[in-house]
Structure formats: structure tokens, C-alpha cells
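Here's the structure we're looking at; comments come further down.
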Amino acid sequence: MQNQPNNQRSGIALVMVLGVLSLMVLMAVSFAISMRTERVAAGNQLDTVRARQLARVGLVRAMDQLYRECGRDLPDSNLVYQEWAVTNSYAVNPTNTPPVDFLKGSASNFVPRSLWDAAVAVSDTNASANSNYWISIISEVKDPNDSDHGTTNLIGRVAFMILNCSGLLDANFVGGADRGIGANPVEIALTNLPEMFGAAGVTFLNDRADLVRFETLEELNELNDYASTNLSVYSRAPAGYYTNDATTLVGTQVNLGGELADILARRELIVGTLTNADFDPNQAGLLFTNLLHYLDKDAENGPQDYGVGGGEFSNAFVAPVPMVNELVFENTVTCEKLDDTAVGVHRYKIDTALWVELWNPFVASAPHVPTIHLSGQSYGGIAQVSPANFPCDPVYPGQFLVRKCDFGTATFQSGSGPIDVGVSNLSVEVRRAAINLMDLVFPYRDLRVTIDLPATEGAQAAELFVMECVDPRFNWDPNDLTQWQVQGNQPSTGKINLATTTFWADPINQGCDKSPEMYVACSNQLHSVGELGCLVYSNWSTIKLYGPGAHPVMDYFAIETNCDEFVTNVVWRGRVNPNTTNREVLAAVFATMPVDEHPWQNAADRLDWNQAGEVADFIIEHGPYTNLSDVCRLDWGNAAFIGIATNELQREAFIRNTSGLLSTRGQVYTILIEAQVASGGNIPRNPSRQRAVAVVWRDAWTGEMIVRYLKWLPD
């Protein structure tokens with residue numbers, strides 16, 4: 001009876017042992033399950049890593065395909081711009097593996113709708129041909145004892161589709177400002193793009209102002225609730241021009257940025273570059289002095305001395321002031337009295353005057369109140385007071401002013417027969433308020449007429465000697481027949497000279513301006529390289545911006561305020577590649593462009609959407625283009641749409657007003673990639689895979705490539 005309590009506790013140890021064993025079994029099972037999960041997770045992670053590494057291989061293969069198709073440099077390939085909109089990967093030995101459908105799932109969000117049809121066509125072509133654009137990725141280990149054999153292992157395969165987005169508009173930089181001289185991509189008109197109709201364009205600009213930057217096309221579409229057709233989110237246009245020289249390849253552009261003092265400090269460099277742009281040294285020096293006057297606000301008071309002239313440059317300054325355009329030497333002889341008819345001595349009166357025509361052809365010029373100052377030596381009975389000043393009425397922009405400058409009246413006695421009268425060493429000065437020298441005609445060695453004296457009392461005889469300037473900007477030497485022409489006794493005062501219209505009509509001068517409009521900015525800085533087209537270097541010949549004879553100034557010069565003499569390491573954003581075959585994009589560049597005769601004219605004539613489309617067709621038809629100067633050298637003068645422009649200066653507007661909106665250098669590609677991982681040397685039915693999208697920029701001249709981003713897709 002005493003042992004009964006112990007009997008009640010018997011068996012507790014067994015329960016405890018079973019409990020511990022159960023816990024250990026549970027822990028073992030949990031550990032096994034956990035290890036199995038970890039092993040599967042590690043395997044999945046390994047497959048993910050392998051798939052992503054394969055996707056990177058796919059990106060490299062896509063870039064290599066671009067490299068091989070385009071060549072390392074232009075002389076090897078002569079392909080500055082791809083002829084396709086969309087292409088894909090391909091294999092040397094295709095199999096029956098179905099092609100990848102890149103246009104489903106999230107990848108489709110990165111395809112601009114302007115390229116959608118081309119992408120579908122590429123996919124359909126491969127599907128119908130049962131072609132294989134998978135690229136097998138194989139590792140190979142050579143047998144050290146057998147150089148011809150080794151071990152190969154299939155790692156996986158990759159496929160890609162390349163979309164050429166080079167000709168699209170960068171949504172981060174285009175639009176938002178009124179169309180002007182084409183100095184900044186914000187001037188590109190977005191209104192007529194299909195994704196910008198109506199309120200969508202306003203919403204887009206407001207959203208961009210708030211969001212600052214769109215990083216991907218998917219983000220752009222999502223935030224703006226539409227499918228972008230003509231927009232991308234990346235652009236890159238480095239400075240420079242293609243030289244076709246294997247040593248330098250990319251030329252460095254001379255900087256025209258800064259104010260007058262900065263330009264003056266770069267004189268030697270700018271003159272040398274103008275010489276390289278097909279101007280002779282005299283013309284280059286003249287262009288430089290005129291560039292200084294073009295910028296100088298004080299040029300409104302007349303030519304300035306910058307200490308860079310001398311010799312042939314010193315009197316070729318172009319300032320927005322009235323200029324001497326025509327001289328008419330007039331002499332009228334009256335027979336006042338017949339004395340002794342037997343002796344033949346009579347008394348005569350002679351009235352002598354010089355008609356001076358001033359012309360202010362500058363469309364942006366203040367009205368001037370000039371004073372004409374004459375000096376010289378007279379002969380043949382002319383009673384001249386030398387020097388003499390002749391005040392004038394105001395001369396407004398575009399106006400002529402003809403001022404009669406009387407030498408006076410004199411009497412003399414003479415027999416019958418002709419007499420010579422004239423002025424030697426005549427000098428004509430035009431001053432503002434009788435102080436500032438605005439124009440100067442150098443002394444003319446001999447200005448004379450021969451008059452047959454009337455032999456009847458009260459009778460008169462008159463003779464005119466007319467000299468016309470071909471171009472009033474080149475009028476300082478009346479002895480130079482390329483500047484002045486003698487027109488007998490037929491004046492053309494108050495209108496454009498016969499010497500000028502004859503010059504315009506001569507086939508030799510068919511490339512001259514043929515427009516009386518002249519422009520000097522007086523703005524202290526250039527805003528566009530296209531403004532160089534306003535600078536004159538010979539009679540009615542400004543720097544030619546368009547046509548087969550265009551000067552390559554658009555290549556050789558650039559404007560950048562953050563650089564000194566050369567524009568280096570500068571990348572512009574938002575500029576459009578003129579090689580694009582996207583009509584709407586090019587039309588947006590030219591839409592609402594002013595067809596003006598000079599910068600800042602704010603011309604009422606602007607290109608509408610249909611006209612801009614005609615310009616786009618013209619550019620697309622004649623591509624591709626290596627440098628911007630290749631676009632300039634097109635035969636713009638005979639283009640179907642050129643009737644919109646009525647004169648040479650307006651025709652130049654198509655180049656002058658787009659110089660800051662175009663660049664041929666940058667190319668942008670969107671690359672869609674799929675990678676599939678092999679298992680056991682084969683591609684399983686449901687392989688581990690990874691999809692990705694990348695944006696790649698390529699330098700059209702050097703072949704350099706930059707990966708803008710590589711984004712993993714979730715599906």
C-alpha cells in the first residue's frame with residue numbers, strides 16, 4: 001500500500017521522450033522543408049540572375065548588330081542613318097522555334113505608335129517565314145589535347161527587337177514657346193501632332209512643368225493618359241561636325257556666343273574659320289568687321305572703329321544708316337546776252353548742282369537726320385564754296401532721299417563752242433546731326449561734263465552726269481567700276497538703281513540676294529548661327545545659307561555661352577535628326593515658322609501644317625545627311641513649296657530659322673530583349689526567362705554608344 005503513489009507516476013518518462021522525439025521530428029521536417037524551399041529559391045534566384053545576365057548579353061548582341069550594320073565609321077559603311085524603322089535579331093542557322101512576340105505585355109508600353117506598324121510587320125514577317133531570330137548562347141571549353149574539339153554547353157538564348165527612335169521628339173525639351181528664329185527646341189510646334197490635339201497639348205505642358213522630367217515612354221504615356229506617337233524621352237546631340245578625315249573625324253566648332261567684346265577677342269579664329277568656309281581672306285576679314293557692326297548697338301550712329309580694319313577692310317563697314325546710292329552732276333548754261341556777234345563773245349550764266357541720293361534700306365533702323373558734306377575743286381567757271389554742308393530731312397527705314405546740293409551760280413564770257421565744267425577730287429560725306437560720320441564716298445578724281453554753248457540769247461543747254469552705285473554698302477570708291485557705274489544722263493533717283501537691277505539680272509549673279517532688304521541687329525549678341533546669313537561680303541552677296549552653293553557655316557560655328565573659343569563637351573537636347581522619315585516630326589519643326597526676311601521680323605507669313613508637311617517631304621526625299629550643311633545644300637530654290645517665299649532672304653528663312661532645332665549626329669534606339677535560360681543543355685518547355693527594355697544612344701559619326709538605361713520588365 002505504501003508504493004501506490006510511485007505507481008501513479010509510472011510512464012511519465014515515456015511521454016516526455018515521445019514528446020521530445022516528436023519535436024525533433026517536427027524540427028527535422030521543418031528543416032527539410034525549409035532547406036527544400038531555400039534550395040528552390042536559390043535555384044530560382046540563380047535562374048533569375050542567369051536570365052538577367054543573358055538579357056545583358058542580348059543587349060550587347062543588339063549593340064553589336066548595330067555596330068556591324070552601321071560600320072565603325074562612315075568611310076567603311078557610308079550609312080549615317082539606318083534605312084529601317086524596326087529590325088530584330090537573327091540567327092545564321094534558323095530552326096522551327098516560334099519567334100518572340102515583343103508587342104504584348106508591358107514591352108508594348110515602350111513602343112512609340114509611329115513605329116507600331118513597322119514593329120508588327122517585322123514580327124509578322126518572321127512568324128510567317130517560321131524564321132528563328134533566337135541567338136543561342138553557348139559556352140565552349142577547348143580540349144587542350146585536341147585543338148579542333150572541345151566541350152560545348154548551351155547556356156540559353158536571347159532575342160531582341162530594335163526600334164529606331166532617332167527621329168522622334170524629345171518630350172522633355174520640345175514645345176512650350178512661340179515659334180521664332182529656331183534657336184531652341186522649345187519653339188517646335190506640338191499643336192498638330194495627333195497626341196497633342198486640343199487640350200491634350202496644354203495638359204502635357206502643364207504636367208511636364210510639374211513633373212520636371214519623363215524618364216521612360218511608359219511613364220510618359222501613363223502620366224498623360226495617352227499612347228505617344230511621335231514622342232520619346234531621350235535625345236543627345238553633341239557639338240561638332242563630321243570632317244571625313246580619319247585623323248580628326250569630328251571637327252570642333254568655333255563659338256559665336258557671348259557679347260561684342262567676346263567676338264572681338266576671337267577675331268583671328270573666326271576669320272580663319274570663315275576662310276575655311278570658302279571665303280578668301282579679304283572677304284573673311286570684311287565679314288568679321290560686319291559681324292562686329294551687326295552686334296554693336298552703337299552702329300546705329302554710323303561705322304565704328306574697332307581697331308581691326310585697315311586697307312581694304314577700313315571702309316566696308318555695314319551700319320544701319322542712310323548711304324550714298326546715286327550722284328547726279330547737273331549743269332545748266334543760259335545765254336544771257338549776245339555781245340559782238342562778229343567776235344563771238346557772249347555772256348553766259350551757269351547753274352551747277354550735285355544731286356545726292358541717300359538710301360536707308362535697313363528694315364530695322366532708326367530714322368536719321370543726315371547732313372551732306374561736300375568738298376572738291378571746281379573748274380570751268382563753277383562758283384563753288386568748299387567745303388559746303390547741306391542739311392536733309394529725316395530718312396526712314398526703306399526710304400530714299402534726294403537732296404539737291406547747289407554749287408552756286410556763276411557768269412562768264414565765251415565764244416561759241418563746247419566747254420568743259422566739272423569738279424575734281426569730289427568727296428561726299430554723310431553725317432548724323434553734322435557730327436557722326438555715317439557714310440563716306442572717297443574723292444572722285446574727275447567729275448565733268450561737256451556743254452555746247454547756246455548761240456541764241458535766252459537759250460539754255462543742260463547736261464547731266466549720272467553715277468549709280470551697284471550696292472550702297474560698297475560705295476567708298478567711285479573710281480571702282482565694280483562699285484559704281486556711269487549711266488550717262490539717265491538718272492534713277494528715288495528708286496532702285498538701274499546698275500543694281502542689271503546686276504541682279506545677270507546670270508553670273510544668279511545666287512545673289514536680289515532683295516533690297518538689309519538687316520543689322522545691333523543686339524550685342526547672336527542668338528542663332530543662322531544670323532550669319534545677314535552678313536555681306538560683296539555686292540548683294542551675303543553668307544549663303546541654302547542651295548548648292550551654301551557656305552558650311554552651320555557646321556563650323558556654334559553658339560554656347562558656357563564655352564570660350566571652342567564649343568567642346570557640349571550636348572544639346574531636343575534637337576531633331578533631319579534623317580528621320582517621320583513626316584509629322586519634321587513638319588513640327590517647320591510648322592508656324594516665320595517666312596521672314598530677317599531675324600525678329602515677326603512676319604505675318606508663317607508656314608501652316610500642310611506647308612510644313614511639304615517641307616518635311618522635301619527633306620525626307622533627298623536624305624540621308626551627314627552634316628547639317630548637307631541639308632542646307634539641297635536645291636531649296638526649286639522646291640515645290642518655295643513659292644511661299646517671294647525673295648532670296650525669305651528663302652533663307654527655311655535654314656536661318658531652324659539652325660538650333662536640327663542635328664544629324666545623335667541616334668537613339670529602343671531595344672526590347674527576351675532571354676531564356678537553358679537547363680541540362682536544352683531549352684525546357686517553360687524556361688526561366690527575363691524581359692527587358694533598353695535605350696541606347698549611338699554617335700552617327702564615331703560609332704560610340706551609350707546605354708541610357710536598362711529596365712527589367714515584370715512579365
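The values are calculated or read from the model by the stated rules, or taken from the named source; none is laboratory data. This structure is a prediction, so every number in the text was calculated from the model and none was measured. Every residue, glycine as well, gets a Cβ built from its backbone with ideal geometry; the counts of neighbours run over all protein chains shown. Areas reflect the complete protein model, heavy atoms only, side chains present, ligands, DNA and RNA absent. Shrake-Rupley method; radii C 1.70, N 1.55, O 1.52, S 1.80 Å.
One residue stands out in the stretch 619-630 among those that are closer than 18 Å to Ala587 by Cβ and open to solvent by 20 Å² or more (accessible area, probe 1.4 Å): the one that is farthest from the chain's Cα centre (by Cα), namely Glu621.
Checked against (1) under 14 Å from Phe641 (Cα atoms); (2) open to solvent by 20 Å² or more (accessible area, probe 1.4 Å), Asn602 passes all but a single condition, namely (1). Take the residues of the stretch 580-609 that are within 18 Å of the chain's Cα centre (by Cα) and among the polar types (S, T, N, Q): which is nearest to Gly666 (Cα to Cα)? Among those residues, the one meeting the criterion is Thr580. There is at least one residue in the stretch 445-453 that is without any contact (Cβ under 8 Å) to a residue 40 or more places away in the chain, hydroxyl-bearing (Ser, Thr, Tyr) and assigned to a strand (DSSP E or B). If you go through the stretch 196-206 and keep only what is open to solvent by 10 Å² or more (accessible area, probe 1.4 Å) and within 26 Å of the chain's Cα centre (by Cα), you end up with Gly201, Leu205. Scoring Asn221 on the criteria (1) under 27 Å from Trp697 (Cβ atoms); (2) out of contact with any helix residue (DSSP H, G or I) (no Cβ under 9 Å at 6 or more places or on another chain); (3) not in a loop (DSSP other than H, G, I, E, B) leaves a single failure, condition (2). Going through (1) free of Cβ contacts under 8 Å to residues at least 12 places away in the same chain; (2) under 30 Å from Val60 (Cα atoms) one by one, Thr626 falls short only on (1). If I ask for residues that are open to solvent by 40 Å² or more (accessible area, probe 1.4 Å) and either closer than 24 Å to Leu115 by Cβ or free of Cβ contacts under 8 Å to residues at least 24 places away in the same chain (or both), which ones from the stretch 227-247 would you list? Result: Ala227, Arg236, Thr243, Asp245, Thr247.
Could you check the stretch 631-646 and list, in sequence order, the residues that are assigned to a helix (DSSP H, G or I) and either open to solvent by less than 50 Å² (accessible area, probe 1.4 Å) or under 16 Å from Ala587 (Cβ atoms) (or both)? Answer for the stretch 631-646, where residues must be assigned to a helix (DSSP H, G or I) and either open to solvent by less than 50 Å² (accessible area, probe 1.4 Å) or under 16 Å from Ala587 (Cβ atoms) (or both): Val631, Cys632, Trp636, Gly637, Ala640, Phe641, Ile642, Ile644. Residues of the stretch 227-247 that are touching a helix residue (DSSP H, G or I) at 6+ places or on another chain (Cβ under 8 Å), of a type in the set (A, V, I, L, M) and part of a strand (DSSP E or B): Leu231 alone.
Based on this model, can you work out whether Pro303 counts as under 19 Å from His551 (Cβ atoms) and open to solvent by 30 Å² or more (accessible area, probe 1.4 Å)? In short, no. Checking Ala694, Ala675 one by one, the residue that is buried (at least 22 other Cβ atoms within 10 Å of the Cβ) and within 26 Å of Ala239 (Cα to Cα) is Ala694 and no other. Of all residues in the stretch 154-180, which are assigned to a loop (DSSP other than H, G, I, E, B), of a type in the set (A, V, I, L, M), out of contact with any Leu (no Cβ under 6 Å at 6 or more places or on another chain) and open to solvent by less than 10 Å² (accessible area, probe 1.4 Å)? Of everything in the stretch 154-180, just one residue is assigned to a loop (DSSP other than H, G, I, E, B), of a type in the set (A, V, I, L, M), out of contact with any Leu (no Cβ under 6 Å at 6 or more places or on another chain) and open to solvent by less than 10 Å² (accessible area, probe 1.4 Å), namely Val174. The set of residues in the stretch 91-149 that are in contact with a strand residue (DSSP E or B) (Cβ under 8 Å, 6 or more places away or on another chain), at pLDDT 85 or above, open to solvent by less than 30 Å² (accessible area, probe 1.4 Å) and not hydrophobic (A, V, I, L, M, F, W, C) comprises Ser106, Pro112. State whether the residues of the stretch 408-415 include one that is in a loop (DSSP other than H, G, I, E, B), among the hydrophobic types (A, V, I, L, M, F, W, C) and in contact with a Phe, Trp or Tyr (Cβ under 9 Å, 6 or more places away or on another chain). Taking every residue of the stretch 408-415 in turn, none turns out to be in a loop (DSSP other than H, G, I, E, B), among the hydrophobic types (A, V, I, L, M, F, W, C) and in contact with a Phe, Trp or Tyr (Cβ under 9 Å, 6 or more places away or on another chain). Which ones in the stretch 586-606 are at pLDDT below 90 and not in a loop (DSSP other than H, G, I, E, B)? Residues satisfying the conditions do not exist here. Quick one: is Pro491 open to solvent by 20 Å² or more (accessible area, probe 1.4 Å) and at pLDDT below 90? Here the answer is no, as Pro491 does not meet what is asked. Tallying residues that are open to solvent by 10 Å² or more (accessible area, probe 1.4 Å) and part of a loop (DSSP other than H, G, I, E, B) within the stretch 248-263 yields 5.
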